[in-house]
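Have a look at the structure below before the remarks.
Read the figures in this text as sums done on the coordinates, not as results from a lab. All of these numbers come straight from a predicted model, not from anything done at the bench. Cβ atoms come from the backbone with ideal geometry, glycine included; neighbour counts cover every protein chain shown.
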Amino acid sequence: MSDDLQTLIAEMRQCRLCEAEMQRAPNPVFQLSETSKVLVAGQAPGNLADTTGVPFNDPSGDRLRDWMGVTREEFYDASRVAILPMGLCFPGYDAKGGDLPPMKRCADVWRQRVLNQMPGIDVILLIGGYAQRWHLGPRMGKTLTETVSNWKSYSSERMFTIPHPSWRNTAWLKRNPWFEADVLPELRYAVRSALSGS
């Protein structure tokens, strides 16, 4: 790992920029290495990730690993898979019990600096609207469904637009069977190729 990325990771672990706006104490949850081949670009850590310090340490992580075709060991090997959410800390809950949006300041302060230190990324998984908006900009569709259904226009750049693997999207998956039939085989192939170095 380069000194630059090591220094950046240490700074990110100590980040307290949003402390006054958060329901809980800041607890950045991510994994990075300059040798990572796959980048999981999610929204923000959930409650279990916050309490355990392990990203995607919940049923949505199980579904995501299945979508990717990787084992838990592969997924948590930072030398192979980087996990960099748009917001580094659990943002808290809204009035209905759902997760709040990621703290916007995280991406503004950290994201591009981190990506500049990770030149070996071969595949990027853009999970949900926040990551898709940041990485795709005006190329993003008007809805999540439109963005995900246009996946081929981004996959040529080794980016895959996918919904969040949360149970809340089970109904979406049932309404859109093309995602599992068409997108996931290509996603798994790209991830496996990246991890195997081919």
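Only helical DSSP H runs with n ≥ 4 go in: add -39500 (n - 2.57) per run for the chain, normalise by residue count and round the 222 nm mean residue ellipticity to 500 deg cm²/dmol.
-10000 deg cm²/dmol
Residue by residue through the stretch 125-130, which ³J(HN,Hα) values in whole Hz follow from phi under the Karplus form 6.51 cos²θ - 1.76 cosθ + 1.60 (θ = phi - 60°), with glycine and proline marked x?
Values per residue, Gly and Pro as x: 9, 9, 9, x, x, 5 Hz.
Subtracting the Cα-Cα distance from 0.36 nm times the residue separation, let me have the gained length for Asp66 to Asn150 in nm, one decimal. Please report the intermediate quantities before stating the final value.
Numbers: separation 84, 0.36 × 84 = 30.24 nm, distance 2.16 nm.
Length difference between fully extended and current span is 28.1 nm.
Specify which residue in the list Pro91, Gly141, Ser166 is farthest towards the positive end of the charge dipole of the stretch 31-185, using unit charges on the beta carbon of Lys, Arg (+1) and Asp, Glu (-1), about the Cα centre.
The residue sitting farthest along the positive end of the dipole is Gly141.
Would you mind getting the Kirkwood hydrodynamic radius of the chain from its Cα pairs, rounded to one decimal in Å?
On the way: mean 1/r = 0.0587 Å⁻¹.
The Cα-based Kirkwood calculation yields 17.0 Å.
Near Gly46, within a Cβ-to-Cβ distance under 14 Å, what is the net charge of the other residues, with Lys and Arg +1 and Asp and Glu -1? Kindly include the intermediate steps, with their values, before the conclusion.
On the way: positive: Arg24, Arg63, Arg168; negative: Asp50, Asp58, Asp62, Asp94, Asp99.
Charge balance in the 14 Å sphere: -2.
In a shell of Cβ-Cβ distance under 14 Å around Ala107, excluding Ala107 itself, what net charge do Lys and Arg (+1) and Asp and Glu (-1) give?
It works out to a net charge of +4.
With +1 assigned to the C-beta of every Lys and Arg and -1 to the C-beta of every Asp and Glu, and no other charges, what is the dipole magnitude of the chain about the Cα centre in debye, to the nearest 20?
Details: 23 positive and 22 negative charges, 101 e Å.
Here the size comes out at about 480 debye.
So for the chain: antiparallel DSSP bridges make up what percent, rounded to the nearest 5? It would help to have the intermediate numbers written out before the result.
Numbers: 2 of 13 bridges.
Just about 15 percent of them are antiparallel.
What residues from the stretch 99-124 fall in the zone where the backbone N is under 20 Å from a label point 7 Å along the Cα-to-C-beta line of Ser196?
Zone members listed by number: 121-124.
Please report the net charge: other residues with Cβ closer than 11 Å to the Cβ of Asn169, K and R +1, D and E -1.
Numbers: positive: Arg63, Arg168, Lys174, Arg175; negative: none.
Net charge around Asn169: +4.
Which is farthest toward the positive dipole end of the stretch 3-196 among Val109, Val38, Leu184, measuring Cα position about the Cα centre, with Cβ charges +1 (Lys, Arg) and -1 (Asp, Glu)?
My answer, from the dipole projection, is Leu184.
Leu17 to Lys104: extension gain in nm, 0.36 nm per residue of separation minus the Cα-Cα distance?
Values: separation 87, 0.36 × 87 = 31.32 nm, distance 1.08 nm.
Difference between extended and current length: 30.2 nm.
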